[in-house]
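One structure is given below, encoded as structure tokens.
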Amino acid sequence: MSERESRRAALVRSRLSKLLASDDGILPGSLIERTLRCGKENCRCKADPPKLHGPYVQWGYSRDHKRITRWLSAEQVERYQPEIARARRFRELVAELEAAEIQRVERAEGWGT
Ligand SMILES: [Zn+2]
């Protein structure tokens, strides 16, 4: 591993440590904005062009290969959005660390580039 690469790996490890040391939530999944049609006959959502209701926000995540979604209030969006962003950051950092570790071993063993 070059000096620059090992500095980068050390930085990633330290960022991961900080993320995990915090008591702040790390919530998997993502937020999705949705607009909807309602069931009323003469509603603006049935007009031409339609003016749909919303946007409303759903939190979606996967469990046992199934997609689960939950409607969130504005207050819940505000509360959970930072936790979801933190989890995304966590996954990015883990992916970066894994790439660096693979490269380290590939180089050390003379297998790859
Ligand atoms: Zn409607």
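The values are calculated or read from the model by the stated rules, or taken from the named source; none is laboratory data. Fair warning: this is a prediction, and the values are worked out from it, not measured in the lab. Note: ideal-geometry Cβ built from the backbone for every residue, glycine included; neighbour counts use all protein chains shown. We work out accessible area using only protein heavy atoms, side chains counted, and drop any ligands, DNA or RNA first. Shrake-Rupley method; radii C 1.70, N 1.55, O 1.52, S 1.80 Å.
Taking the condition of being among the aliphatic types (A, V, I, L, M) and either part of a loop (DSSP other than H, G, I, E, B) or near the ligand (Cβ under 9 Å from one of its atoms) (or both), how many residues in segment 32-67 meet it?
Let us first name the residues in segment 32-67 that are among the aliphatic types (A, V, I, L, M), namely 32, 36, 47, 52, 57.
When the remaining residues are screened for being either part of a loop (DSSP other than H, G, I, E, B) or near the ligand (Cβ under 9 Å from one of its atoms) (or both), the result is 36, 47, 52.
Total meeting the criteria: 3.
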Single condition GLU5 does not satisfy, out of (1) among the acidic types (Asp, Glu); (2) surrounded by 10 or more Cβ atoms within 10 Å (Cβ to Cβ); (3) farther than 30 Å from GLU109 by Cα:
(3)
Sort through ALA95, ALA100, ALA87 and tell me the only one that's in contact with a Leu (Cβ under 8 Å, 6 or more places away or on another chain) and closer than 30 Å to VAL12 by Cα.
ALA87
Does VAL12 count as in contact (Cβ under 8 Å) with a residue 12 or more places away in the chain, part of a helix (DSSP H, G or I), away from the ligand (no atom under 16 Å from the Cβ) and within 30 Å of ARG107 (Cα to Cα)?
yes
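Within segment 68-81, is even one residue hydrophobic (A, V, I, L, M, F, W, C), in a helix (DSSP H, G or I) and either away from the ligand (no atom under 16 Å from the Cβ) or open to solvent by 80 Å² or more (accessible area, probe 1.4 Å) (or both)?
Of all residues in segment 68-81, those hydrophobic (A, V, I, L, M, F, W, C) come to 68, 71-72, 74, 77.
Next, from what is left, pick out any that are in a helix (DSSP H, G or I): 74, 77.
From the residues that got through so far, the ones that are either away from the ligand (no atom under 16 Å from the Cβ) or open to solvent by 80 Å² or more (accessible area, probe 1.4 Å) (or both) too are 74, 77.
The answer is yes, given that some residue of segment 68-81 is hydrophobic (A, V, I, L, M, F, W, C), in a helix (DSSP H, G or I) and either away from the ligand (no atom under 16 Å from the Cβ) or open to solvent by 80 Å² or more (accessible area, probe 1.4 Å) (or both).
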